[in-house]
Amino acid sequence: MIIRDKSNSFKLLFAWHGTILPKVFVALMMVVLISAALVYLAAHHFVQVPEVPAIGFTIFGVILSIFLSFRNTACYERWWEGRKLWGALIADTRHIIRDSHVLNNHERQVMMYRVMLFTHLLRDRLRKKSQSFEHYREHVQLSDTQWQALQSQMNPPQYVLEIVQKDLAELYKQGRISDIIYTGLTKHTIALGDIHAGCDRISSTPLPFSYSVLLHRAVYSFCFILPFSLESSLGIWTPVIVALIAYLFLGLDALSAELEEPFGEQENDLALDSIVRSVEREMLSSLGAELPPALLASKGNLS
């Protein structure tokens, strides 16, 4: 996620890193070169390209704008829903910090470390990568069989929540916690499970592929036809105006594709590493343990 000062309008105007411009630069330069070549050839009467009918081009542009706006709205909603889910995860871990004081110190510590492990595993599941968490092994109190099972689980975050719930149920059966305490702590594992399911839904259900391809092709077709429609009326200004219009359409298309997968590691995706580290620091602080350093933005990008 890009974290950058927006108060300086001049720097914002000429920003490069973290913007969508690098992703569309090649296509944008091709459109500009076509426009410049067309203007040059027409000015020296080397070629006379028939002008694209304005009415057809206008209708094409209006329809494309409507569908591009719809796709950007849908992609942003996915991004924002993902952020709300991880915001809810932060809130629920804070509730666990407070409500788990009813347990004895050892049981509370084990539960909180398991919740920390859950957040790490959920992030890695959404980003489709795997990291080693051996440093958690002595804290989460898993048997060798459970630890080995965790490595081979198809859904590791769910497995950790299952263990948390199983141990709470065992404490309740032994009469070490009351039914009220059991119910209160169980609602937090349910909330974490709901967040997990919501994130899985976003991750496993992208926008329909055919729709994305259709809109992508339409945007590029529009941008490459643009010079042939504007050259006769704009003359030497054609490359400039075409560049601005093409940047808008190509940029929105590329940005929507990036926001569609909010849990990835692209520059505008959610800062899951930072969120996980924040949860970890707050829980460790409550336990009185040593805190890992907070993650800082690198070149304006917070991972």
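The values are calculated or read from the model by the stated rules, or taken from the named source; none is laboratory data. These figures come from a predicted structure and were not determined experimentally. When we count neighbours, we look across all protein chains shown, and the Cβ atoms used for this are built from the backbone with ideal geometry, even at glycine. Note: accessible area is taken over every heavy atom of the protein model, side chains too, but ligands, DNA and RNA are not part of it. Shrake-Rupley method; radii C 1.70, N 1.55, O 1.52, S 1.80 Å.
Quick look at the values:
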{"quantity": "Those residues of region 251-290 which are under 20 Å from residue 96 (Cα atoms) and touching an Asp or Glu at 6+ places or on another chain (Cβ under 8 Å), in sequence order", "calculated": "284"}
{"quantity": "Count - residues of region 185-212 that are farther than 30 Å from residue 61 by Cβ and surrounded by fewer than 17 Cβ atoms within 10 Å (Cβ to Cβ)", "calculated": "10"}
{"quantity": "Matching helices (runs of 4 or more DSSP H) fully within region 197-303 where at least 3 residues are closer than 26 Å to residue 112 by Cα and touching a residue at least 12 places away in the same chain (Cβ under 8 Å)", "calculated": "272-287"}
{"quantity": "Scan of region 152-174 for residues that are open to solvent by 90 Å² or more (accessible area, probe 1.4 Å) and more than 23 Å from residue 200 (Cβ to Cβ), ordered by number", "calculated": "172, 173, 174"}
{"quantity": "Residue satisfying condition, being under 23 Å from residue 130 (Cα atoms) and among the aromatic types (Phe, Trp, Tyr), within set 182, 211, 159", "calculated": "159"}
{"quantity": "Check on residue 149, open to solvent by 50 Å² or more (accessible area, probe 1.4 Å) and either under 17 Å from residue 275 (Cβ atoms) or part of a helix (DSSP H, G or I) (or both)", "calculated": "no"}
{"quantity": "Single match in 90, 177, 96 (criterion: over 23 Å from residue 201 (Cα atoms) and within 26 Å of the chain's Cα centre (by Cα))", "calculated": "96"}
{"quantity": "Residue match in region 258-270 (condition: modelled with pLDDT of 90 or more, within 19 Å of residue 84 (Cα to Cα), touching a helix residue (DSSP H, G or I) at 6+ places or on another chain (Cβ under 8 Å) and polar (S, T, N, Q))", "calculated": "no"}
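Quick grid of which residues meet (1) closer than 30 Å to residue 200 by Cβ; (2) open to solvent by less than 60 Å² (accessible area, probe 1.4 Å):
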{"position": "214", "(1), (2)": "yes, no"}
{"position": "222", "(1), (2)": "no, yes"}
{"position": "227", "(1), (2)": "no, yes"}
{"position": "235", "(1), (2)": "no, yes"}
{"position": "239", "(1), (2)": "no, yes"}
{"position": "248", "(1), (2)": "no, no"}
{"position": "254", "(1), (2)": "yes, yes"}
